[in-house]
Amino acid sequence: KECDRLACVVDLLDGSGQRRFDLRFPRLDPLGSEELLFVESYVQAEVYNILSALGGRRLEVYLDPGRSALAAMAGRLPAAFGVGRKRSERSGYGRAVNVIDRMLGAMRGSARGSAPAFGIEFGDIAKAPEPAGPVRPRADVLSFFKARTEGLGGKALVGIDVGGTDIKAVLVDDGRVVAYKEYDWFPAGFRRSRELVEPIYLIASLLRARLSVHRLPEGDGRRGRLAEAAARALDRRAGDGEMRRALAEIESAGLGAAPRLDGIGLCFPDVVVKDKIVGGEVYKTRGIRGNPEIDYESDFAELTDLDLRLGALVRPGGRVRIVNDGPMASFTAAVEMAASPRAGEVAKGVFAHTLGTELGSGWVTETGAIPDIPLEVYNFVIDLGSWPERAYEPDDARSVNNFNTGLPGTLQKYCSQSGVFRLALKYFPSERPDLLRELVDRGFLERRALGGTEGWYVPTEPVDMRKSFLEHMMSLPEREGDGTNARIWREVGEALAVTSIETRRILDPGTDERFLFGRLVKNRACFELMAEGARRLDPGCRLVVAGTGMANSPLMKELERHPELTVAQFAQAIGAVYFANE
């Protein structure tokens, strides 16, 4: 009854309406300075979570103008979010505004515009609007998703799933999978956008060349030799040099004018609007953002135009379709659900997460649409009490500080592989020092000084140890059978429950089911522990592994039968093929 409150109204990016969020907290007047700081951090974090999920053309903040302390606190929001500042000058919460500005530019047809577009305005809470709920017209979503798996005959399509530690790609010709490719990389260490673009283009070019070999007649003497060259390049250990040699050999055999693809589908771990990568504030672009030798906005435009670069490999009339990896996960789940006995449930909408280097999030609404919103759920602040672990710089494995924004307590360090690494260093030193020694002995962790302070780090050079470190951690619950390792995975599950609660509150997606993709759910024992932890906090949270049980479409069933690869590994690459299948 005795509280101060703010009404935060977001004008949605696509002009479809408004959303209102009411924030309530103790009356500010009697609070001390430390309590005031805590309440202000809560308000700023709430606004940040809302903008990270929904974006918005502007934020209208309504309050009682007679409450002087409240008005003063609200009046500091524009400065906290860098409103009116250049993108290069924004930090922390301001990174969300950078993403929104780039999205607005892309929706206007100019993703490279630099003028700020987002604003924060104020008004009297007595005049705050009461927006109606989201209006989502009914649609025949079942037919829409079923159609994506049909009409593959005669078409050549490539699907590419770009992640933080690897890229997975598939080539489909005439309704059958011809080739798979896995490629390891460390994009956060790149200094220019072309270093992100070139490997993706090279993989797509290799798969197009493999198509030309696949279509050679059986009696053609070149077929066997060129197929062997392509197979060497498609091996998961083959790097850029082997791929280029295979391309040169295929071209020298007279197949340089390879048949163009009918479409390329690609998911990328960043905000995407109209097939344009526009976010620019993610871990993968950290090295480029920090490069003082370039103008970041100009350099980033090369990644934004990845669709145009890949378009050279596609026939006239074909399409390059790009979307964030989270929406690709939800799209893939929707396609497989539409091909299952549960087909009718796709009309409720589908929500999915990818659990790997980051926490990706995707939502296909009950209309079959992918909303034009940032949906950067991994940036949600969920822990304002994380003072001990915020003392470490972001790259220290013990830190809760976000790699991109520096903000503490975000889901990035709770749900993704970084959360697993952090919890290992939180509990192993006191509870299982033998396991900590094993991590060091096997090269997964090393102590070194950075900026004059010694910390714990996961090596990325000369060998990137992140993937093997995670695989090791996933083996420990069954190997050890102890409470410490079970606790680590339960706590990741608890963070997933918070994720579910927050997305339900902010987005109202219409479904409590969450499909999970990625490396963290490959191990059944680890998943069961995560599910147990999630149910502790949110009994209504339903976590579903996007594994073999979801293989219902023709291409996914073909993947399921593969003797070495798994659905969990390549599901999104297959989903990207369907995404490109107009």
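So the values come out like this:
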{"quantity": "Within the accessible area of the chain (1.4 Å probe), percent carbon and sulfur", "calculated": "49 percent"}
{"quantity": "Helix-derived mean residue ellipticity, 222 nm - over the chain, DSSP H n ≥ 4, -39500 (n - 2.57), to 500", "calculated": "-12500 deg cm²/dmol"}
{"quantity": "Kyte-Doolittle at least -0.5, axis length at least 24 Å by Cα - qualifying DSSP helices, the chain", "calculated": "33-54, 194-214, 483-507"}
{"quantity": "Qualifying trypsin sites (Lys or Arg not before Pro) for the range 276-368 [loop in DSSP, other Cβ within 10 Å: at most 14]", "calculated": "Arg342"}
{"quantity": "Summed side-chain charge close to Pro316 - residues other than Pro316 whose Cβ falls under 13 Å, Lys, Arg +1, Asp, Glu -1", "calculated": "+2"}
{"quantity": "Computed over the range 251-325: relative contact order in percent, which uses C-alpha pairs under 8 Å that are six or more apart", "calculated": "51 percent"}
{"quantity": "In the range 382-459, the trypsin sites (Lys or Arg not before Pro) that fall in loop regions by DSSP, at most 13 other Cβ within 10 Å", "calculated": "Arg442"}
{"quantity": "Solution diffusion estimate, µm²/s, Stokes-Einstein, the range 229-330, Kirkwood Rh from C-alpha pairs, 37 °C, viscosity 0.692 mPa s", "calculated": "206 µm²/s"}
{"quantity": "Violating pairs (Cα-Cα greater than 21 angstrom) within the set Lys146/Lys348; Lys348/Lys557; Lys168/Lys413; Lys168/Lys557; Lys522/Lys557", "calculated": "Lys348/Lys557; Lys168/Lys413"}
{"quantity": "FRET E, pair His562, Glu480, Förster distance 41 Å, beta-carbon r, rounded to 0.05", "calculated": "0.85"}
{"quantity": "Net charge, Val83 excluded, C-beta distance under 14 Å - Lys, Arg +1, Asp, Glu -1", "calculated": "+4"}
{"quantity": "Cross-link reach list, aspartates and glutamates versus Lys276, counting only Cα pairs under 17 Å and skipping chain neighbours closer than eight places", "calculated": "Asp14, Asp101, Asp161, Glu198, Glu297, Asp299, Glu302, Asp305, Asp307, Asp325, Asp372, Glu376"}
{"quantity": "Cβ-Cβ FRET estimate between Asp29 and Ala231, R0 fixed at 41 Å, reported to 0.05", "calculated": "0.05"}
{"quantity": "Cβ-defined net charge surrounding Val544, 10 Å radius [Lys, Arg +1; Asp, Glu -1]", "calculated": "+1"}
{"quantity": "Cα gyration tensor shape for the range 329-414, rounded if a/c is under 1.5, else prolate or oblate", "calculated": "prolate"}
{"quantity": "Bins of 10 Å, starting at 0 and running to the largest distance - Cα pair percent for the range 473-556", "calculated": "18, 44, 29, 9, 0"}
{"quantity": "Rg/Rh (Cα only; Kirkwood hydrodynamic radius) as it applies to the chain", "calculated": "0.97"}
{"quantity": "1.4 Å probe accessible area per residue over the range 259-410, in Å²", "calculated": "29 Å²"}
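The values are calculated or read from the model by the stated rules, or taken from the named source; none is laboratory data. What you are looking at is a predicted structure, and each value in this text was computed from that prediction instead of being measured. FYI the Cβ positions are ideal-geometry reconstructions off the backbone, even for glycines, and counts take in every protein chain you see. These area figures cover heavy atoms from the full protein model, side chains too; ligands, DNA and RNA do not enter into them. Shrake-Rupley method; radii C 1.70, N 1.55, O 1.52, S 1.80 Å.
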